[in-house]
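The block underneath contains the structure these notes are about, expressed in structure tokens.
The values are calculated or read from the model by the stated rules, or taken from the named source; none is laboratory data. Given the structure is predicted, the values throughout are model-derived calculations rather than measurements. Counting neighbours? That spans all protein chains shown, and the Cβs are built from the backbone with ideal geometry, glycine included.
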Amino acid sequence: MTTLLYKNNAATTLQSGIPASSLTCVLAAGTGALFPNPTSGQTFYMTFLDASTKLINEIVQVTARSGDALTIVRGQQGTTALTWAAGDIATQLWTMGDPNNFVQNDQLQAGTLLHAVGTGTVNSITATLPSGLTTVPDMFEFIVEASGANTGNVTLTLTLGTLAQTAYPIHKFGGSNLNAGDIPAAGYPIQLVYSATLGAYIMTNPASGTAGSISGGAANDLLVQTAPGTTGFITAPTVAGSVLTFLSGVIQWVTSAVVSFGPVGSPRSGAVNPQAGDYTAAMVGAVPAASLQPPYVQLANPGYIALPNTAPGNGYIVQGGSGTIGFNVATSITFPKQFPNGCSSVVASGNNQSAAIRVDSITQYGFVVQGDISYVSWIATGW
């Protein structure tokens, strides 16, 4: 429908007379601005009155205004086009056409302006809505009553008033085409929203929410997209405990644990060999198995362990032992392994918890212990 425009106190006179056939008029100089200025899809009603009696009138529809010059449609709302003289009155009055153009409660509830009966074929629908619009506005919502169940893709050619619009496809959410039967039967209310961005009518109530079916595959197969717009299947695993991974450019099942190495390493299964980009042993703190065997470890009393380092035997060393000593006699204890650089600490305890124990003369090779004890246990650390 055309939008009606209004202005308060819009009244003036004709600058010059017009015959009954004229489709333009000119208002008194400088008074055109008193009236609305309609653009496409807009209009307003204006009334001519004779200046002498104000009893003769004609209602016109103004479709355009340029300054004081108006483009008009004559003899509206049951009136007759007449000849008018300069000085006759031109004014915007409340007329029958104003309330008649308002949407009534019953029209709103019945969907009169937003409901059309579909014709044409079930896959190529045509429909007409009462309207003064010249194009379908973006996000325009309306309902078309189906003429039958669709059997495939569907298009709609909508006419607004008398202006036929471009035929656009009807899609579902996500932009997919309709499946056969998404419009299930004649009389089905097709709820539509026009998207100018998509260039399509979006059906918000399809019978099926799915975008379509893909043939192929067997029980427990996985559907994957192998390329843009291309799908395929990954067959179900045949070995319990299989792991799905991307290996050598292919999504596939592997039957052993997948191990990933390094910031640019690729997942590999089974026996793993170093590849470019893998973390090095030093980066992850890996140590050779030999560094945990003699001569770097001595499981005895006394004994020791040289903690792994980048070079076996050069790490931090922990050693300890126990045995009898002379009661209150300074006794020398020799380390089972010489500290290459130095001993950092020695802690000793005896068989008399209240006894005073003194440790001194600590070297790379050993220490001296003395106290009111006959048995000592000790632990030393160094590097």
Residues of the stretch 325-383 being aromatic (Phe, Trp, Tyr) and within 30 Å of residue 308 (Cβ to Cβ), in sequence order, are 335, 339, 365, 367, 378, 383
Might you let me know whether the stretch 334-344 holds any residue that is among the polar types (S, T, N, Q), modelled with pLDDT of 95 or more and assigned to a strand (DSSP E or B)?
yes
Pairs only if they're at least six apart or on different chains, beta carbon under 9 angstrom, first in the stretch 6-35 and closer than 18 Å to residue 84 by Cα and buried (at least 16 other Cβ atoms within 10 Å of the Cβ), second acidic (Asp, Glu) and at pLDDT below 95; list them, first residue then second.
none
Sole exception among (1) at pLDDT below 90; (2) under 16 Å from residue 383 (Cβ atoms) for residue 351, by number
(2)
Can you tell me which residue among 219, 211 is at pLDDT 80 or above, assigned to a loop (DSSP other than H, G, I, E, B) and hydrophobic (A, V, I, L, M, F, W, C)?
219
List pairs: first residue in the stretch 55-68 and free of Cβ contacts under 8 Å to residues at least 12 places away in the same chain, second residue among the hydroxyl-bearing types (Ser, Thr, Tyr) and assigned to a strand (DSSP E or B) anywhere in the structure, Cβ distance under 7 angstrom, at least six positions apart or on different chains.
none
Taking residue 87 and the conditions (1) free of Cβ contacts under 8 Å to residues at least 40 places away in the same chain; (2) at positive phi, which numbered condition does it fall short on, given that it satisfies the others?
(1)
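Suppose we filter 130, 137 for residues that are surrounded by fewer than 17 Cβ atoms within 10 Å (Cβ to Cβ) and in contact (Cβ under 8 Å) with a residue 60 or more places away in the chain; which single one remains?
Among 130, 137, only 130 is surrounded by fewer than 17 Cβ atoms within 10 Å (Cβ to Cβ) and in contact (Cβ under 8 Å) with a residue 60 or more places away in the chain.
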Odd one out for residue 158, checked against (1) surrounded by fewer than 16 Cβ atoms within 10 Å (Cβ to Cβ); (2) closer than 30 Å to residue 41 by Cα; (3) more than 31 Å from the chain's Cα centre (by Cα):
(1)
So which residues in the stretch 60-86 are over 16 Å from residue 46 (Cβ atoms) and in contact with a Leu (Cβ under 8 Å, 6 or more places away or on another chain), if there are any at all?
85, 86
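I'd like the full set of residues that are over 22 Å from residue 132 (Cβ atoms) and out of contact with any strand residue (DSSP E or B) (no Cβ under 8 Å at 6 or more places or on another chain), limited to the stretch 23-54.
29, 30, 33, 52, 53 - these are the residues of the stretch 23-54 that are over 22 Å from residue 132 (Cβ atoms) and out of contact with any strand residue (DSSP E or B) (no Cβ under 8 Å at 6 or more places or on another chain).
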Test set (1) touching a Pro at 6+ places or on another chain (Cβ under 6 Å); (2) part of a strand (DSSP E or B) - residue 158 fails condition number
(1)
The conditions are (1) more than 18 Å from residue 383 (Cα to Cα); (2) at pLDDT 75 or above; (3) aliphatic (A, V, I, L, M), and residue 282 fails exactly one of them. Which is it?
(2)
